[in-house]
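Heads up: the structure comes next, in structure tokens.
The values are calculated or read from the model by the stated rules, or taken from the named source; none is laboratory data. Computed from a prediction, not measured in an experiment: that's the story for all the values here. Backbone-built Cβ (ideal geometry, glycine too); neighbour counts: all protein chains shown. Note: accessible area is taken over every heavy atom of the protein model, side chains too, but ligands, DNA and RNA are not part of it. Shrake-Rupley method; radii C 1.70, N 1.55, O 1.52, S 1.80 Å.
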Amino acid sequence: MIPQNSAQNSAQGYQPDPRNEDVLVWVNGDLVPKAQAMVSVFDAGFGFGDGVWEGLRLVRGTVLQREAHLDRLFEGACSIALEIPQGRDGINAAIDAVIAANGMEDGAHLRLMVTRGVKSTANQDPRFIVAGPTVVITAEYKTPRPEAKTRGMTLFTSTFRTSQPDVFDLRLNSHSRLNLIQALIQAINAGADEALMLDPRGFVASCNSTNFFIVRGDEIWTSTSAYSFKGITQGAVISACREAGVTVRECDFTLAQVYSADEAFVTGTLGGVTPVCRIDGRGIGDGKPGPTTERARALYEAAVYP
């Protein structure tokens, strides 16, 4: 069993908002009520995780790093020979349509999902597609819980490793996330908010849904991303800090170096920069959100927020 009462403490947690009951969802060009937004059970995404997706954040009327997210979406689609029929302009128009239809201006999170489409039968072969691709855009009001910033997150190091590119390239933002979910289940059952994952060589890679950073002295370290997903927010934080004169290293480092770090934090589209205060039952630094984490958050928001 998976404990349910701590779900809102995760890196993907947010404050409940009753407006989400009435949102409209974009499904293949139609805007439909949330309760009626459906795809076929023969859809390749449902049956086999055959598709790519992006998470987008709306802040003060602007979709943060929109073009970077679309770059990753279309690159991923190209790599699996999936042609998105709307093209970039059409997808941009669809995003704007969802936001406008829901009257959203701030504090919303969108999920853009593209699958290969509906198949004539349930199998892996993409040649059995009869209609597709399937394109869905959801938009919900999601405000991260403020205690995540003040309390800090707790992590647990999972026994599940991230994969190498020739096995499963995590830089593909694909619908197949099972190993990451398995890692998160371990963390949840250990009483943590998120799983810290190692790469196949034993170096720190990322968390299951966020990118991971540590602070050592006056330097910020994060992984090389050779064995983890390509974080859009991670890249923005690196750039913003470097432009401010902060040394940021993309390098291999071990759990021993994590445990002795001065601070730690994670980055993601929903939460931005969120401090990490405990890992595997150990306090990081003084066990409280630190000044370098706060500076990284401020620099990131100054760089990407409207």
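Brief remarks on what is shown
- Scanning segment 168-212 for residues being open to solvent by less than 50 Å² (accessible area, probe 1.4 Å), over 17 Å from Gly13 (Cβ atoms) and among the polar types (S, T, N, Q) gives a total of 6.
- Among the conditions (1) farther than 24 Å from Ser209 by Cα; (2) out of contact with any Asp or Glu (no Cβ under 6 Å at 6 or more places or on another chain), the only one that Val118 does not satisfy is (2).
- Of all residues in segment 110-128, none are open to solvent by 60 Å² or more (accessible area, probe 1.4 Å) and among the β-branched types (Val, Ile, Thr).
- Members of segment 240-287 that are touching a helix residue (DSSP H, G or I) at 6+ places or on another chain (Cβ under 9 Å), outside any strand (DSSP E or B) and open to solvent by 30 Å² or more (accessible area, probe 1.4 Å): Glu243, Ala244, Asp262, Thr269, Asp280
- Note on segment 35-93: among residues that are without any contact (Cβ under 8 Å) to a residue 24 or more places away in the chain and touching a Lys or Arg at 6+ places or on another chain (Cβ under 8 Å), the one that is farthest from Thr121 (Cα to Cα) is Leu70.
- Of the residues Gly49, Gly55, the single one that is small (Gly, Ala, Ser) and either crowded, with 18+ Cβ neighbours inside 10 Å or in contact with a Gly (Cβ under 9 Å, 6 or more places away or on another chain) (or both) is Gly55.
- Matching option when the condition is buried (at least 18 other Cβ atoms within 10 Å of the Cβ) and either farther than 22 Å from Lys119 by Cα or of a type in the set (S, T, N, Q) (or both), among Arg60, Arg72: Arg72
- Some residue of segment 168-181 being over 17 Å from Leu24 (Cβ atoms) and more than 18 Å from the chain's Cα centre (by Cα): no
- Considering Asp106, Asp96, the condition of being surrounded by fewer than 15 Cβ atoms within 10 Å (Cβ to Cβ), touching a residue at least 24 places away in the same chain (Cβ under 8 Å) and closer than 19 Å to Leu58 by Cβ is satisfied by Asp106 alone.
- Filter pass, Gly13 being open to solvent by less than 70 Å² (accessible area, probe 1.4 Å) and assigned to a loop (DSSP other than H, G, I, E, B): yes
Matching residues to (1) of a type in the set (Ser, Thr, Tyr); (2) under 24 Å from Leu56 (Cβ atoms); (3) in contact (Cβ under 8 Å) with a residue 12 or more places away in the chain:
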residue: Thr154; (1), (2), (3): yes, no, yes
residue: Ser158; (1), (2), (3): yes, no, yes
residue: Gln186; (1), (2), (3): no, no, yes
residue: Gly191; (1), (2), (3): no, no, yes
residue: Ser206; (1), (2), (3): yes, yes, yes
residue: Ile220; (1), (2), (3): no, no, yes
residue: Ser225; (1), (2), (3): yes, yes, yes
residue: Ile232; (1), (2), (3): no, yes, yes
residue: Ala240; (1), (2), (3): no, yes, yes
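- Complete set of residues in segment 75-87 that are open to solvent by less than 80 Å² (accessible area, probe 1.4 Å), more than 15 Å from Leu170 (Cα to Cα) and of a type outside the set (A, V, I, L, M): Gln86, Gly87
- Long-range neighbours under 7 Å by Cβ, at least six apart or interchain, first residue surrounded by fewer than 16 Cβ atoms within 10 Å (Cβ to Cβ) within segment 130-150, second basic (Lys, Arg): Val130/Lys119
Listed here are the residues, each with its yes/no results for (1) at pLDDT below 95; (2) touching a Phe, Trp or Tyr at 6+ places or on another chain (Cβ under 7 Å).
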{"residue": "Met1", "(1), (2)": "yes, no"}
{"residue": "Gln12", "(1), (2)": "yes, no"}
{"residue": "Asp22", "(1), (2)": "no, no"}
{"residue": "Pro33", "(1), (2)": "no, no"}
{"residue": "Val39", "(1), (2)": "no, yes"}
